[in-house]
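Report on the following structure.
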Amino acid sequence: LLSGSTTTAFVPQTNHHQVSRACNGVVTTTSLGIFDQLNKMFAPNETKSPTTEIDGEIDACISILNSAANTKSEDPEKVVTALEDLEQLARRKAKADPSFAQDVLTNLNGEWRLIFTTGTKTTQDRIQKTVNYFPIKALQSFDTSTDPYGIENGIYLGDFAVVKFSGPFDFDLVKRKLEFDFTKIAVLGFVIQIKSEDAAKIGASTGLGSESNVKNSEKGKRPFFNWISADATRCWR
């Protein structure tokens, strides 16, 4: 799941983190209850990971988003609320678990299909919470094995790429912020070098990018995503 002004979902499954305790006390089956009480008194205290509770809440949010992606019939209010809750939970998780941001970056690798967007936060507050399912095949891929990292966005008819944008990206592990530049565009297989501001305008017009990227490019700033989470499903704003 990603995070910018528009929240977007490409489809996650998250890992359950379970905490178990190994007891050093001796377990007895004696009928004398006093020994049971002594075992409880001197057995190690059960401890939980600081993120265990957060993980459960994250799983619940992602379950709703996966259902929306698979069925396209979930209540929009419920879906957007799950995304907003997930964004807050991910911040808490990242603060409690420093490895969370690195996991997001690692899980980016591969190809992802755009499922839905929710519109900007301003639109949601002014009108209502809406979910816009993307009607055509749009794929986004990330490769962190290269230097610099690589990003590619594409619109497809079946398996044929009508248009693809590609370029480098950087990832801020502290903010979970991905900044990128599209330096090439391939139209029907023909590759053309382009400027970042031109890519932003084309991306906004096709639905692969947002209007905020156009404004950022006009100010000399790079387009970016604020990542919420990335697993089997990705979400960002």
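The values are calculated or read from the model by the stated rules, or taken from the named source; none is laboratory data. Just so it is clear, the structure is predicted and the values come from calculations on it, not from any experiment. Cβ atoms come from the backbone with ideal geometry, glycine included; neighbour counts cover every protein chain shown. Surface accessibility is based on the protein's heavy atoms, side chains included, excluding ligands, DNA and RNA. Shrake-Rupley method; radii C 1.70, N 1.55, O 1.52, S 1.80 Å.
Would you check if Phe165 is in contact (Cβ under 8 Å) with a residue 40 or more places away in the chain, assigned to a strand (DSSP E or B), in contact with a Leu (Cβ under 8 Å, 6 or more places away or on another chain) and open to solvent by 20 Å² or more (accessible area, probe 1.4 Å)? In short, no. Evaluate the following for Glu57: is it among the acidic types (Asp, Glu), closer than 20 Å to Val131 by Cβ and modelled with pLDDT of 90 or more? Judged against the criteria, Glu57 is not a match. Restricting segment 125-142 to residues that are outside any loop (DSSP other than H, G, I, E, B) and surrounded by fewer than 16 Cβ atoms within 10 Å (Cβ to Cβ), the residue that is modelled with the highest pLDDT is Tyr133.
Taking the conditions exactly as written (free of Cβ contacts under 8 Å to residues at least 60 places away in the same chain and among the acidic types (Asp, Glu)), does Asp231 satisfy them or not? No, not satisfied.
Return the pairs, sorted by first residue and then second, in which the second residue is of a type in the set (Gly, Ala, Ser), the first residue lies in segment 74-99 and is under 18 Å from Asp231 (Cα atoms), the beta carbons are less than 6 Å apart, and the residues are 6+ apart or on different chains. As it stands, the answer is Val79/Ala68; Glu87/Ser3; Ala90/Ser229; Ala94/Ala101, since those pairs meet every condition given. Residues that are part of a helix (DSSP H, G or I) and either closer than 30 Å to Ser63 by Cβ or free of Cβ contacts under 8 Å to residues at least 40 places away in the same chain (or both) occur in segment 217-227; there is at least one.
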